[in-house]
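Okay, so here's the structure we're looking at.
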Amino acid sequence: MGWGECVAFAGPWYTEETIETAWHVIRDFLVPLLWQQPIVTPEELSSRFSPVRGNLMAKAGVESAIQDLYAKRLERPLAQLLGGDLKPLPLGAAVAMNSVPAMLAEIDQRLAEGYRQIKLKIGPGKDLVYLEAVRDRFPDLELMADANGAYSRKDFSQLRAMDHLNLKMLEQPLAAGDWFGHRDLQNQIRTPICLDESIRTEDDLDLAIGLKSCQAINLKWGRVGGLYPALSMLKRCQQHGIAAWCGGMLESGIGRGHSLALSTVPGVLLPGDVSAANRYWEEDIVTPEATLIDGYLTIPNAPGIGYALNPKQLERVTVTRQEYRP
Ligand code: MG
């Protein structure tokens, strides 16, 4: 059996897609396309699904399951099939910013656990004071800031004020569609801008490259239509000197398994921010849970994503089931 994960949220806050729209698109459009003819390799899915516009999270949900199934049929780890290896991965963690002391305490804890990079979710009114406090305390920390598009062009002076903090990247400072704003900001700061929500398709990536709107992208297979579209974007990034790294989407162990496999591919920047299971779940639906050991996460060498489902926990969290037959 192949396992995939659709990373849509309950509401359309990150992209337009939601869990409900993904069910609709998978059931009424993608599954009927799947039944049209046998699939020989998962690469075919991008063109098979191309009559359906957008809905990349729904597509990635199906594609990831077929990737896992395909790797299992070949009895190979998905990481290897994607071109990666099974070397343990150094990881990063996102840290909450409820107050400066609580944030610093949490960073201490994450570093003690072995995380190599810290990412803070910033926004207007919750940025410089926090970032400067982290830099004072941890001058050499690999530190990134992610704004999830919370700033606008009137905030450029505030964003420029972060440029001395030696951030590894400033992720998605402006709205997803503000290509020119990102270009103008990148012209004014040394800190590499990393685009996340902006990059959904190769056309988006071409636009960013052509305009010089960023120096890096956050390559999320769950948001770009699946693992093969992500690999294809990675190649494009390498040709144009754009850094690419693999972020997380609060996935369960299934989606995390796919993200870890993608993170092993040469050219993906490490550490990524795919965390261990205990950062998000009391109990994950896969077993063994992804656990950091000495700051590294082991990539399982079993076929497919390499994790087995924990049937009891899966049953406990199952809300609905749908079955489709040709
Ligand atoms: Mg982001």
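Values in this text are rule-based calculations from the coordinates and carry no lab data. These numbers were taken from a predicted model, which means no experiment stands behind them. Note that each Cβ is placed from the backbone with ideal geometry, even for glycine, and that neighbours are counted across all protein chains shown.
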- Query: Given the Cα-Cα distance of Arg73 and Val31 and 0.36 nm per residue of separation, how much length would full extension add, in nm?
  - Reply: 13.1 nm
- Given a cut-off of 27 Å, what percent of all Cα-Cα pairs of the chain lie beyond it? 44 percent
- Message: For a 19 Å ceiling on Cα separation, which of these pairs sit above it: Lys212/Lys235; Lys119/Lys154; Lys59/Lys87; Lys59/Lys119; Lys168/Lys235; Lys119/Lys220?
- Response: Lys119/Lys154; Lys59/Lys87; Lys59/Lys119; Lys168/Lys235
- Item | Separation of the Trp13 and Asp163 label points, Cα + 7 Å toward Cβ, nm | 3.2 nm
- Task: Would you pull out the residues with amide H under 5 Å of Asp146's amide H, same chain only if 5 or more places away, H placed 1.01 Å from N?
- Result: Leu120, Lys121, Ile122, Glu171
- Query: Where in segment 278-326 are there chymotrypsin sites (Phe, Trp or Tyr not before Pro) that are in a DSSP coil and have at most 15 other Cβ atoms within 10 angstrom of their Cβ?
  - Reply: Tyr280, Tyr324
- Message: Suppose only helical runs count, i.e. DSSP H with n ≥ 4. What mean residue ellipticity at 222 nm does that imply for the chain under -39500 (n - 2.57) per run, divided by all residues and rounded to the nearest 500 deg cm²/dmol?
- Response: -10000 deg cm²/dmol
- Query: How much length, in nm to one decimal, is gained on full extension between Glu113 and Glu282, taken as 0.36 nm per residue of separation minus their Cα-Cα distance?
  - Reply: 59.1 nm
- Note on the structure: Under the Karplus relation with 6.51, -1.76 and 1.60 and θ = phi - 60°, whole-Hz ³J(HN,Hα) for segment 11-24, x at Gly and Pro, equal x, x, 8, 9, 10, 5, 6, 10, 4, 5, 5, 5, 4, 4
- Item | Full-stretch length increase - Ser50, Arg325 - with 0.36 nm per residue and alpha-carbon distance subtracted | 96.9 nm
